[in-house]
Structures are given as structure tokens and as C-alpha cells.
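Read through the structure below, which is laid out as C-alpha cells, and then see the notes.
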Amino acid sequence: MEVADLCVRGARIFYRGRLLEGCICVSGDRICYIGREANAPKAHEVLDARGLLALPGPIDAHVHLRDEGLAYKEDFYTGTCAAVAGGVTTVLDMPNTVPPVDSAARLAERAKKAKKAILANVGFYSLLPPDLSELQRIREAGAVGIKIFMHKPRTRLEISDERVLASAVREAARLGLRVAIHAEDPRVIEEAARESEGESDPVTAFLRSHPPEAEVSAVRKLAALLGGLELYICHVSVPEALSLARAAGFYVEATPHHLFACDEVYGRLGKLALVDPPLRPREMARALRQALYAGQVDVVASDHATHALEEKLGPDPPPGFPGLETMLPLLLNEVSAGRLSLSELVSLVCERPARIFGLDRGRLEVGWPADIVLVDLRAEVKVRPSEFRSKAKYSPFQGMKLRGRPEITIVNGRVVFSRGEVVGEPGTGAIIRPVRASGGEGGCAS
């Protein structure tokens, strides 16, 4: 039997829906053996993972890595350091960058810049291009999807015209591009903003101008226009919008901050906690959690969206905060408390994101990429933003005590984070694109 490069030994392995005592062996960037240690191949390196649980590497489907013209907020290296420190092995990067990603050429340019810097795998969204004929080239360039911001169109297409929006979405779907939508109705926002004119507190003004009805109205319009298409509705924060999305056959994404925080955080953190959609009242967050536990949420993603501290504390604070380093610990805490099963966690952040976006990631299988996170479900941790690897050192979960944390993160067969330290080299992560997953065996097969 061929000698493996790495053997992860002593961990319990979540494998095909059950816990397995054994080891995982890696050859190159692929898993080559999962099974009993007695039958495992020899390995050049052995990783002692006793007391830990091996899970497929999570995929965060909603991340703003910034870089380029926004590198002062975050860059490819710091953003993917935050990812692997949070146990995340793959991130899908949003296109509202400077300059924006709205063409095949811009997507290729951004991927080239990222390639040498990343510690986690990265896939890229594109905005709608000015000319829909460019969508085919965007698909060929490897976009994981198209992102549409209903409330702040970042395209020269007149998507405020429902016929233009529907035509663009249908063309992207015809080409096999997943369409992800920030669903807030600009008309509702504009009307609410007019009613709150003169409000001097920026937090109050923002909350009043982004009411729950903005989200509900947007999803209702999408359902009427495009019901039956498998749209991906980002960061759903309102239970009624979730119900409408599911009834229309859309995929539903929820964030940890809309699930596990509420608008009471504004009283403690003020501007630092601003996010779009805003944190909602406690009863809405509770209802969203119940939907999560009932299996009505398809994907949990962080919406990691960092800004410089001086921006957040300024007179016109932008919405967003870091989330890559807290997403998995918050979900592990739910598992430790018995509110989510391991199977549900893996479905939410591994299997479903991979299936929805067509990625050959998110599974522990022989022949698949060796993206693995080793977690300690018994570890008690306190969220300390000052210790984040992200450039942004603030969080709505500051001071929260959790049970469960990632201890070791492996990307493409290489250990990139180990027991509190980033140990990987820039360039370990891969630029990924949608593929037809095969899952065939290879290397030192079991």
C-alpha cells in the first residue's frame, strides 16, 4: 500500500452520518483512506488528534474578503487567516469590491491576485454584467454564482424594472449560474428613510430605514416573479420572509448574528453592531432559531463584512462586522447544548453549500479534497474580538461564552491552523469553481 503523506490518528470521525473510531490518511491534497487504524497505510507524518472530532471542512457561502481597493478593511491573507482560525476551509467571496467584479476579466484578475495569498479555498461571485451576453464568459471563468443587491443595485442594468430583473435572473439560471439575492425592497427603504429624516442617531436612523417589511416585500416580489426557480436568498432575518422564500422554492440562508443575537446588542455596542439586514427583535431571532431547528434553513453563512474601526465609529457607520471566527463555534455550541445534531451542522455548513454551489467539497470521502476541521466539543471558550485574525476586532458576540471550538484546520491536505496558531503558508488555499463532483477513490485507497 502506498505511503500516505499525513495520518490523522485518534479522532472520532463524522463519516457518512455516523461516528467512526479510526483515522484519516491524506496523499497530496486528497483523502486516500478513512477507516480503522489497523488497516491504515503508513504515513510520513502522524497528527495526534485524540479527544477531537473530525468534520468535513466547512464552506462559508457568504464572505466579503475585501482586498484591492478595500484592503485596509481586510485582505485575502487576513480574511483567510480568520477563516482557518474559525475552522472554515472554503469561502465564497462577494463581488461588491473596489473595483467591482462584474465581468469575466475582473473575476480572473481578482482570482490571480488572491491565489498567492490565501490559506483557505476561495470561490468568487460576480455581479450582473452591463451586458447579459457576458454571463456566459463569467460562467466559463468559474464564478460560483451571481449576486444581486435589490436595495442598492451595483449594476448598470435597470433591475428596479421587474421585467429586467426577471430576464437577467432567468438568463443566469439558464446558464447554470446560481443567483444569490440580498432581498430588501428599495421602495420600502426609501419611504422609511423619509419618515426618519432628522433623526440624529445613526443607529436609530438605520434601523428605522430597514424595517422587516423591506425584506418581506422583496421576497414576496421575487416569489411572484420567479417562484419555482432555485434562487438563493441571503441572510434571511425575518420569519415571514423565510416562510415566503420556502413556499416559492427558494434556498434560505441565515447568519449566526440573526439567529443568535438580537437588537438588544445595539444598546451595548451601538454603531459597531450595525449590519444589513439589521439585528431584529428578540422574538424574531427566537422564531428564526426555531425554523433552524425545524430544518427550514438550508445554509448558515457568516456574512463576514469588515470595516475599519474609525469607519464604524464615525458619523456614517457602514453596516457589517466580522463573522468567520465565530460562525462554527456558535454552531458547535448549539450541538453541545443538544439543540442541533452533528448531522444537521454538517448539512448546514458543508454538504448543502457544496451541493447548492456545485462544489466538490464538504465531505469526508476517499478521493475528495482533504479539507478537514478537528474540533473539541468540550472546550469552553469566550469570544474575544481582540484576538481575531481578521483586521476587524469587534463582534456582536463579544464576551459570549461558548462550548466547542476548532482546534486544527487542514486545507488541501496541509495543516494551516493548529491549537491557536496560524501555521500554514499563503497559497495553500485553492481557487475553486463549480464542478461535477465525482468522489472517486484515488491514492492509497482504503
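A few points about this structure:
- Segment 328-344, residues that are in contact with a helix residue (DSSP H, G or I) (Cβ under 7 Å, 6 or more places away or on another chain), surrounded by fewer than 21 Cβ atoms within 10 Å (Cβ to Cβ) and in a helix (DSSP H, G or I): V335, L342
- Here G249, G267 are screened, and the one residue that is under 29 Å from S343 (Cα atoms) and of a type outside the set (F, W, Y) is G249.
- Per-region count, segment 138-148, residues under 10 Å from L175 (Cβ atoms) and open to solvent by 10 Å² or more (accessible area, probe 1.4 Å): 2
- Lone unmet requirement of (1) open to solvent by 10 Å² or more (accessible area, probe 1.4 Å); (2) within 30 Å of H235 (Cβ to Cβ); (3) touching a residue at least 40 places away in the same chain (Cβ under 8 Å) for A104: (3)
- Every residue from segment 59-88 that is closer than 18 Å to Y125 by Cβ, in contact with a helix residue (DSSP H, G or I) (Cβ under 9 Å, 6 or more places away or on another chain), part of a loop (DSSP other than H, G, I, E, B) and not basic (K, R): L65, E68, E74, V88
- Residues that are among the charged types (D, E, K, R) and within 19 Å of the chain's Cα centre (by Cα) were ranked within segment 276-293; the one that is nearest to E253 (Cα to Cα) is R289.
Here's the yes/no breakdown for (1) open to solvent by less than 30 Å² (accessible area, probe 1.4 Å); (2) among the basic types (K, R):
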{"site": "R9", "(1), (2)": "no, yes"}
{"site": "G22", "(1), (2)": "yes, no"}
{"site": "S27", "(1), (2)": "yes, no"}
{"site": "R30", "(1), (2)": "no, yes"}
{"site": "I34", "(1), (2)": "yes, no"}
{"site": "N39", "(1), (2)": "no, no"}
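- Residues located in segment 23-36, provided they are out of contact with any Lys or Arg (no Cβ under 6 Å at 6 or more places or on another chain) and outside any loop (DSSP other than H, G, I, E, B): I24, C25, V26, S27, R30, I31, C32, Y33, I34, G35
- Yes/no for V46 being open to solvent by less than 30 Å² (accessible area, probe 1.4 Å) and modelled with pLDDT of 95 or more: no
- Number of residues in segment 352-392 that are aliphatic (A, V, I, L, M) and either part of a strand (DSSP E or B) or free of Cβ contacts under 8 Å to residues at least 24 places away in the same chain (or both) equals 7.
- There is at least one residue in segment 89-97 that is buried (at least 18 other Cβ atoms within 10 Å of the Cβ), part of a strand (DSSP E or B) and not β-branched (V, I, T).
- The residue that is nearest to P212 (Cα to Cα), counting only those in segment 279-318 that are among the basic types (K, R) and either free of Cβ contacts under 8 Å to residues at least 40 places away in the same chain or open to solvent by 50 Å² or more (accessible area, probe 1.4 Å) (or both), is R282.
- Segment 173-185 residues that are more than 20 Å from V63 (Cβ to Cβ), paired with ones that are outside any loop (DSSP other than H, G, I, E, B) and open to solvent by less than 10 Å² (accessible area, probe 1.4 Å) (beta carbon under 6 Å, 6 or more apart): L175/L135; D185/A214; D185/A218
- Residue within segment 22-39 that is closer than 30 Å to K393 by Cα, at pLDDT 95 or above and among the polar types (S, T, N, Q) present: no
- The single condition among (1) closer than 23 Å to I432 by Cα; (2) in a loop (DSSP other than H, G, I, E, B) that V349 does not meet is (2).
- Among the residues of segment 388-446, those that are basic (K, R) and at pLDDT 95 or above comprise R389, K391, K393, K401, R403, R405, R414, R419, R433.
- Qualifying positions in segment 11-20 - crowded, with 24+ Cβ neighbours inside 10 Å and not in a strand (DSSP E or B): none
- Residue within segment 54-65 that is modelled with pLDDT of 95 or more, within 22 Å of the chain's Cα centre (by Cα) and open to solvent by 20 Å² or more (accessible area, probe 1.4 Å) present: no
- Summed over segment 135-191, residues that are part of a loop (DSSP other than H, G, I, E, B) and not aliphatic (A, V, I, L, M) total 14.
- The C-beta contact set for segment 212-235 (first residue in contact (Cβ under 8 Å) with a residue 60 or more places away in the chain and under 21 Å from V299 (Cβ atoms), second residue open to solvent by less than 40 Å² (accessible area, probe 1.4 Å) and assigned to a helix (DSSP H, G or I), distance under 7 angstrom, 6+ apart or interchain) comprises E215/A241; L226/A166; L226/V169; L229/V169; L231/L222; Y232/I356; H235/H258.
- Subset of segment 211-254 [small (G, A, S), surrounded by fewer than 18 Cβ atoms within 10 Å (Cβ to Cβ) and part of a loop (DSSP other than H, G, I, E, B)]: G227, G228, G249
- Number of the exception - R405 against (1) open to solvent by less than 10 Å² (accessible area, probe 1.4 Å); (2) within 26 Å of V252 (Cα to Cα); (3) part of a strand (DSSP E or B): (1)
The values are calculated or read from the model by the stated rules, or taken from the named source; none is laboratory data. Given the structure is predicted, the values throughout are model-derived calculations rather than measurements. Note that we place each Cβ from the backbone using ideal geometry, even for glycine, and neighbour counts take in every protein chain shown. Just so you know, the surface numbers come from the protein's heavy atoms only, side chains and all, with ligands and any DNA or RNA stripped out. Shrake-Rupley method; radii C 1.70, N 1.55, O 1.52, S 1.80 Å.
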